[in-house]
Each structure stands twice: as structure tokens, then as C-alpha cells.
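Structure record follows, encoded as C-alpha cells.
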Amino acid sequence: MSQHQLVVQRARRSFQTGKTKPLEFRIHQLKNLLRFISERRRDIADAVKRDLGKSEHGTELFETLVLEGEINLAIEKLAEWAAPRPVEKNLLILTDEVYVQPEPLGVVLIIGAWNYPWAVTLQPLVGVIAAGNAGIIKPSEVSSHSAKVMEELLPLYLDKDLYPVVTGGVSETQELLKLRFDHIFYTGSSAVGKLVMEAAARHLTPVTLELGGKSPCYIDKNCDITVACRRITWGKFVNCGQTCIAPDYILCESSIQSQVVDEIKKSIKEFYTDNPKNVEDYGRIINQRHYKRVIALMEGSTVAVGGDSDESQCYIAPTVLKDVTSESKVMKEEIFGPLLPIITVSGVDEAIQFINEREKPLVVYVFSHDNKLIKRVIAETSSGALLANDCLVHFTVSALPFGGVGNSGMGSYHGQHSFDQLSHMRSCLIKQLKLEGVNSMRYPPHTARKLGWARFLLLKQVNLRRLRRMALLAMFAGLAAFVAQRFLRRR
Amino acid sequence: MDAHSQEVDRLRSVFRTGVTIPEEFRRTQLTNLISMIKENEEHILNALHEDLAKPKFEAILSEVDMVINELYYALDNLGGWMKLEYVAKNLATKVDDCFIRREPLGVVLIIGAWNYPLQLLILPMVGAIAAGNCVVLKPSEVSAATGRLVAQLIPKYLSQDCYTVVSGGAEETKALLQNRFDHIFYTGSQNVARSILQAAAVHLTPVTLELGGKSPCFIYGEVNIKAAACRLAWAKFFNAGQSCVAPDYVLCTESIRDALLSALREVLEDFYGKEPQDSPDMSRIVSQRHWTRLVDLLRNSNGKVVLGGESNEEDKYIAPTVLVDVAEDDALMKEEIFGPILPIITVESLQQGIDIINSQEKPLALYVFSDDSSVVKTVLEKTSSGGFCSNDGIVYMTLPGLPFGGVGASGYGSSHGRWGFEDFSHRRACMLRGWALERLNGLRYPPYRENKLSWLRWTASPKSCSLM
């Protein structure tokens, strides 16, 4: 038996003992995870700095802050999430208990990504633990320093059998995917997403796929372009553009293109000075391969801002490309780098058409003061999410499901959505062996009379709300009549 | 480009025009479906009888009425389901509009099964239409009469632009699956499910799988054996055991077994008379192939037949049959029975029964018969299954408030009521920010500073809301 098989088997055996069922156990593990993040802040920040050139504050802001919020929310709400959920009944079942009981699935495989190696790998883990599952954590080998730290330190805080960290590259992941899991949670590219789903098919394993795509950003010519561009600049160049929900490209009318370029240039300077290379808050491309890939994307496009690079450091300056067309190289794949192409369109109609000609993205961004326009974009496009007048921040609202649609993924998570996604919602009907007389309607031998009753009782949905309303109405009518009577009598 | 691709492309272009989005349109289609079923009840019952010798009573309860109920339920609730769902925010996003919008996925494929040929095709379709999708229906070729009827009726009652029926067998289905759908809803077996998933993976199409398994029925402790026998027999022999949620096998102690057998003998005679083959209320096996499969299972079993056991090939008839002394590794325990054969496995303790259940794949349904609520609770807590029902069989799936679906090898995703609507929808997270408070945003912009971070932590936390 391979090492991986042993690890998964151990996790499954441990799960089968039932130790993850009690909420106290799950909360204890979540609290340990919280402790891990706070006690190992330094180690985590160092690892991210080495992986992505991100500053310590950047790591706090974009990795640990988010994680801490999710863990605290899960701890606070777990009892509520895990409780049986009541359901409406029909006439025959009125005296029985009917509810949906969230239950753990079993052993979940988490395949993390390298761009936010901690947030994207551990945030699903919060859901895994909260829902009472065991979890095999497979961080991305591309963010190798983070993977190493996770492998070394996480077992010091979490149950070693239930939440092991498994490291390795493509071939190790392929081996792992041959094994049977009860759910696979994958964050990464659409291409690999297909392979994960195919592997999962063998065991009929459900999957959550958090993929990517080209998230468009439409700027209405009548909006406050300064504010819009500042927000877009922030959203784009955080993590050097290596964010699945980064605004990938801009769509705007040609009349505002130069203003947009100017404003973005101003914001870049405000955030990263004239020399982003020397600024701690501006990151690096993860590795040579991606560096080369992003540089190649610039080919054939006009650089309006930035454009400089340094291969030895995997540094690419915050760059804006103008007069880009749909044929340009930079429009052929998700950029995942600090290149911001601007494509001019004749207005929102053409923008919507442009967006719809492409695969459904993770996010559609629209900047406008006109609510009608925003509503049109919502109604006429499809995407994982839609954010108007800002970038990225929908990620922080845990009540919003975070996920894709079509090529950008399936399933969602964050907050309670994580819990629900990683649970099985088991339908429960608790009846008694009484009232057998009523049941006899449905037994053979079948007669027309029995059929009539059965049709009425067994299946007709009782709208309890309507019944209650009618009962309430009747009660009020009775009360009104009573009061009126007494009032009249007094007179 | 083959005929199927043309159909799918056509539906996709229609979907893109947005015609299926307005609530009015969806209501009209759902109402038309009600008319379709009500106006053609006789034809439907005849087709079902041709396919499965389904007694009119069963057909009405489990096919016609179930679908009509689902339709009324959808019509009653559609407005609520379609509403925007506003969600809780943190302080940093307090003045913004945050909501979840349910949106259709696009063109969805529903592959039906032969055991409840109308219900398993049209009931999911209700959810798909309610969610605003275009639908391709693929009825099972095994229940050919119902398939033909559906192919005939759907274009008469529903918009031909948005909904279409594709007929055919395994080859046609394979060809159909080469196309890109935005969701696939499949009811059937695990083997076929695997190939569907593989086809879906190519296009990253999400799937709902309603599969099967061996749904155990555990009878333990204090129990009103007569009532239990009635409900068990009803659930087991309905549709001649060809229900994905039929109790597949029984687990009980020796003493209960003896009482159960005599109760079952009585009940079966009450239900079907002395000769079940002559009773109009006893269904038949759907095909020769399945009949042979079941008869072979019986022959290969090492259990002892104590009730029934008779069969007739020409009539595709198998009598309601009960076996005892069935071991865990018996032929009858190797696959989902899907027929009127009920093996009884004797256990000595509650734990032994639970162990047997847990040694098998997670089933679609799990039944416990007991007057002792602690027994019910223990089994519920120590096992996993799609659904759970104590002291009755099948009926839990008639409640549209409950999600109907499997877990593990019995499937994933769910249907019925709101659950079907959600499965066929995309929950799009929407956030509409204001233009003001740009200074507050300044907290997050580089250059990053420690004091900015502390403010941000506070405004982003959910607790900060409670202060407001």
C-alpha cells in the first residue's frame, strides 16, 4: 500500500470512530487552527514572502485576516448550522417529525492553489472541520515554502490522523486522485479542474471546483473615473494580479480610454511609488514559468503604463495595455498577472455582447452610477458573482456564496456555504407505528374509494402557512365579533 | 454536426434570448404541464400499464399525483424562490447591497429511468423549468410506451423552442452526451453514472445523480409487528419492488423474524389474495432481462424461501417472495435487488445490524421499525444514507420540503420542491457598492501600515455589525 493510501486509510478509520461528530471536538480543532495562525504568523508571512514576494502586511490582509474571520464565524455559528432543519409537512405527516439533518460526508480531499496558498487551502479546511469530516490537505507544490511550513507545523496543532498534510507535485496528486474520497475540493485552473472531475467520476465523488476565467470590468463613461480606477488598480495589482477574482480586462468607451489610463497610472504611483520594484507592498510572479507566460502575453499590444520587467526577480511592473482587441494574445487566456488590457467598446450593449461571447467568468465587474445599467448587466450576463463599483471585496462577505458557474467552476463556499457544501443534508422522517387505520387507504386491494382518500391525504400538499393565516383570520374575526358585541352591549 | 447538436444549439440560442427568464413564462409552462397530465391521465395510465403492468392505483399515487403535486407546489412557491435573497454584512459593507440572485444555468439534460417513467422524468423537469432553464428530456427506452407518449405530448403543451424530447437507447444517449449542457440530471445505475460523469467532465458540467443501492430495513426492539409488516410489505412490493427507495433487505433478531414472517404471510394475502399473479394490484417486472436477472438471483441464493418464490417467464411475473437464513455474502446481498424479493438477515444485536449496514455502500434510503425511539435514534446517528425514515417506507420522498437524493454511491445533489429549483439554478453573489466612503477604502490601499490593518480587522469582522 502506498504512503498516500495509508494516510487516507488512517483518516477514514479515524473518521469512522465517530470522533468528529461531537461539536466540541470540531470547535476544539477550529480553535487550534486559530491558534496556529496567530502563533505562527511569522512563519506564514516568511513563507509567503519567499513564495510570492508579498509583504507581511499583505499576507495579513489577504490571507490570515480572512481565515481568522472564517474560523471565528464557524466557531460562533456551528451549533446553529449543525442543528436539524425543520421542514413543512403534509396532512398525513402532521404529527410526525420531519427535518433535514446535516451530516459529515467522510474524508474530503482539499487541493490548494499557490496564489493565496494559505487562504485558499485552509479556508475550505474550516468547512471540512466544521461539517465533521476528515480532510486530506494537499497544498500546491508551486508555493513550495508555504507547503513546507504547512506540512511541518499544521500537525502540531490539528489532529494528525484526521487532517494530514500531503505534499508533492503533479504525479503525486494524480496518485492521490486515484483513491476514493467523499468529496474533492479543488482550487485552480479549468484545465486541471476537468481532470479532477474525471478522476472523481470513477468513484462517483462529488466535487467543488473553484476555477478561473477572464473577469471583465466595464467602466461606464459617466462614472467617477478617478474613484473607479483607484479601486480597479487596487483589485488588479494586489498579489501582482495573481488573484482568481482580479479584474482581468477593462471594457470602456474609447472617449474615456486615455482618462482611464491616466487615472490608473496615478493610482499605481500612489500605491507603489514610481518604482514598484523597490516597494515591499508590490509582489512578484510566483515562478519563471509563469513569468515567461505573462511576458509573452504582452506581445502585440501597446503598453500604456509600465511594461518593464526583470526575469531574475520574476518582477513585472504594473502594466496597462491599450487598444487591445479580442484577437490580442493577452485576451486568449486568463492573465493571472499584472497586465491590465483595455478594450474599447461602443457602450454597454457591446460590452454585454463581448462578455457573453466568452466563457462565464468568476466575476463580472461594472462601474457605474446608473443603477439601471448595473441591473441590465446583472440580468444579461452570467458569472460566479457580480460586483458593482469595486473589486474583490465581495470575497469578505461570508454570507455570499463564493464560487463559479460554467467554466469558472461548480459549488461554492465561505461561511455557512462551506458547511453546507461539505455536509450531506439527510432527509429524516420519524413516524410512529400508530394511526395504522389511516395508512390502510394506500394498501391493496385497491378500491376507488381508497384511492380518493389516499389522493387527498397522502399527497395533497397542505399549505400550512395558508391554513395558519386562515386560522388567524378566523381568530381575529371571532375576537372582533366578541369585542364588537361587548362594546355594543355596553352602549 | 449531428441532429442532437443542432437541437442543443437551437435551445441554447433560444435560452440566450432570455425568453425563459420571466416568472410569467415559467408559470405558463408549469400550468401547461398540469393540463398535459390531467388531460391525458388515461393515456398515461395505459402507457404505464403497458410498460410495467402498473396497477392504476399505484400509477396515480406514485406517478400522476406526485407530479401534479410537485407542479402545484412549484406554482405556489415560485415567487418566493425567485426573490433576491439579501444577506448579512459586515461593517465595511454595511451600506452596500449584498444579495444572492438565483439564475438559470442554461440548457439542462434530464435522463429518466424506467421504473417510474413519468415521475422520474417530469418531476425533475418541474425544478428545471421553475429555475428558468431550457430542457432536453431523454426518457428511458426500457419503458418505451411512456417514452413515446412523453415525446408526443411535450411538444403539444410546452414551448417547442425551449423544451425537447430525445428518444433512443444507449448509443443515442452517448451521442447526446458529447454535447455541452449546463447541468445533467441522471436517474439510474452507478455504472452508467460513471460514464455520464466522464462525459460531463469534458465540459465541466455539474451533475445531479439519483442512484440506488441496497436500502436496509432494520426491525428491532419493541415493535408493533403487524403495523410494521403492513408498511414494509407495501413499500417493498409496490411496483414489484422496482423502486430506488424500496426496502431492499431486512435485518432483525430471530424472535422478531418469526413474528414478522407470520404477519407478512397474513398481510400478503390481504393485499394480493392467495394468488398474487391473479391480483390486478401486483405489478410485473419491466423486461425479460430483469426478470431473468431476478430469477437467477433467487436461484443463486443460499437463503430459504419461506413465502412466494413462484415465477412465470412469459408473464414477467415474480411472486412476492421472502427468504430467511440469508448470509451477509449471499448472492442477494451483492447487488441492489430491484424486485419483489425480500431477504431477511438475522442479527443478534443492534450493533451487529449497524455494522452490516455500514459495511455496505451508503444507501439511498434507510428504514428502522421500532416503537423504541432510542433504537431509532441510535441507528440514525451511527449510519449514513440519502434519506431516513422510521416506521414506514417510501413516503418520506412524497414531502416536497425534504430534499430527495443520495450520498456516496447512492448519488449526490437533490430534487423535489425548492431543492430541485436550487439544483438547477446558479446562486450568483451580487454586491452593489456605493461610491462614497472612499476614505474608508483607503484603509486597504498600499502602502500597508499596521494601524490601517487594525481598523480593517475591526470593520471586516462580523461582530462589528452587532454594534450598529
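The values are calculated or read from the model by the stated rules, or taken from the named source; none is laboratory data. Please read all numbers here as calculations on a predicted model, not as lab measurements. Every residue, glycine among them, receives a Cβ derived from its backbone with ideal geometry; neighbour counts consider all protein chains shown. What goes into the accessible areas is simple: the full protein's heavy atoms, side chains included, and nothing from ligands, DNA or RNA. Shrake-Rupley method; radii C 1.70, N 1.55, O 1.52, S 1.80 Å.
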note = The helix A:190-202 Cα axis meets the longest alpha-carbon principal axis of chain A at an angle in degrees, between 0 and 90 and rounded to 10, of 40
query = Where the centre of each part is set by its Cα atoms, how far does segment A:107-174 sit from segment B:291-327, in angstrom?
reply = 50
message = Using only the alpha-carbon atoms, how far is helix A:464-490 inclined from the longest principal axis of chain A? Give it as 0 to 90 degrees, nearest 10.
response = 60
Partner aspartates and glutamates for B:Lys274 [C-alpha distance under 12 Å; skip if fewer than 8 residues away on the same chain] = B:Glu266
inquiry  = Cβ neighbours within 10 Å, averaged per peptide: list A:182-189, A:481-488 in order, most packed at the top.
reply    = A:182-189, A:481-488
query = Which whole number gives the average, over all residues in A:276-285, of C-beta atoms from other chains lying within 10 Å of the residue C-beta?
reply = 1
request  = Place +1 on the Cβ of every Lys and Arg and -1 on the Cβ of every Asp and Glu in chain B, take the dipole about the Cα centre, and give the residue among B:Ala59, B:Gln190, B:Pro446 whose Cα lies farthest towards its positive end.
outcome  = B:Pro446
inquiry  = Quick check for me: using +1 on Lys/Arg Cβ and -1 on Asp/Glu Cβ, what's the dipole size of segment A:255-341 about its Cα centre, in debye to the nearest 20?
reply    = 200
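Roughly what % antiparallel, to the nearest 5, for the DSSP beta bridges in chain A? Walk me through the numbers on the way to the answer.
Values: 18 of 49 bridges.
Rounded to the nearest five, the antiparallel share is 35 percent.
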inquiry  = So for chain A, averaging the separation of alpha carbon pairs under 8 Å that are six or more residues apart and normalising by length, what relative contact order in percent results?
reply    = 18
message = Can you list which of the DSSP-assigned H helices in chain B have a Cα extent of 27 Å or more along the long axis and an average Kyte-Doolittle score of at least 1.6?
response = none
note = Mean separation of Cα contacts under 8 Å (at least 6 apart) over the residue count of segment A:162-273, i.e. the relative contact order in percent, is 23
Pairwise Lys count, segment A:62-180 - Cα closer than 26 Å, eight or more residues apart or different chains = 7
note = With +1 on the Cβ of every Lys and Arg and -1 on the Cβ of every Asp and Glu, the dipole magnitude of the protein assembly as shown about its Cα centre, in debye rounded to the nearest 20, is 2600
key: Solvent-accessible area per residue for the protein assembly as shown (1.4 angstrom probe, square angstrom)   = 38
inquiry  = Under the rule of at least 5 residues apart or a separate chain, name every residue whose amide H is placed under 5 Å from the amide H of A:Leu340.
reply    = A:Thr319, A:Val320, A:Leu321
message = I'd like the mean, over residues of A:56-66, of how many other protein chain beta carbons sit within 10 Å of each residue's own Cβ.
response = 3
request  = Mind checking which of A:Ser143, A:Pro104, A:Pro155 is farthest towards the positive end of segment A:95-230's charge dipole, using Cβ charges of +1 (Lys, Arg) and -1 (Asp, Glu) about the Cα centre?
outcome  = A:Ser143
ask   = Put +1 on the Cβ of each Lys and Arg and -1 on the Cβ of each Asp and Glu in segment A:10-153; which of A:Gly58, A:Gln123, A:Thr95 then has its Cα farthest toward the positive end of the dipole?
value = A:Gln123
task = Kindly express, to the nearest 10 degrees and within the range 0 to 90, the angle between helix A:65-82's C-alpha long axis and the longest C-alpha principal axis of chain A.
result = 10
ask   = Relative to the Cα centre, what is the charge dipole magnitude of segment A:189-273, using +1 at the beta carbon of each Lys and Arg, -1 at the beta carbon of each Asp and Glu, and rounding to the nearest 20 debye?
value = 180
remark   = Summing -39500 (n - 2.57) over every DSSP H run of at least 4 in chain B, dividing by its residue total and rounding to the nearest 500, the 222 nm mean residue ellipticity is -13500 deg cm²/dmol
ask   = Of the accessible area of the protein assembly as shown, with the probe set at 1.4 angstrom, what percent is carbon plus sulfur?
value = 53
key: Given A:Lys49/B:Lys452; A:Lys19/A:Lys431; B:Lys174/B:Lys316; A:Lys54/A:Lys194; B:Lys334/B:Lys377; A:Lys54/A:Lys214, the pairs whose alpha carbons are separated by over 25 Å   = A:Lys19/A:Lys431; B:Lys174/B:Lys316; A:Lys54/A:Lys194; B:Lys334/B:Lys377
query = What area, in nm² and to one decimal, does the C-alpha convex hull of the protein assembly as shown cast on average over all directions?
reply = 43.2
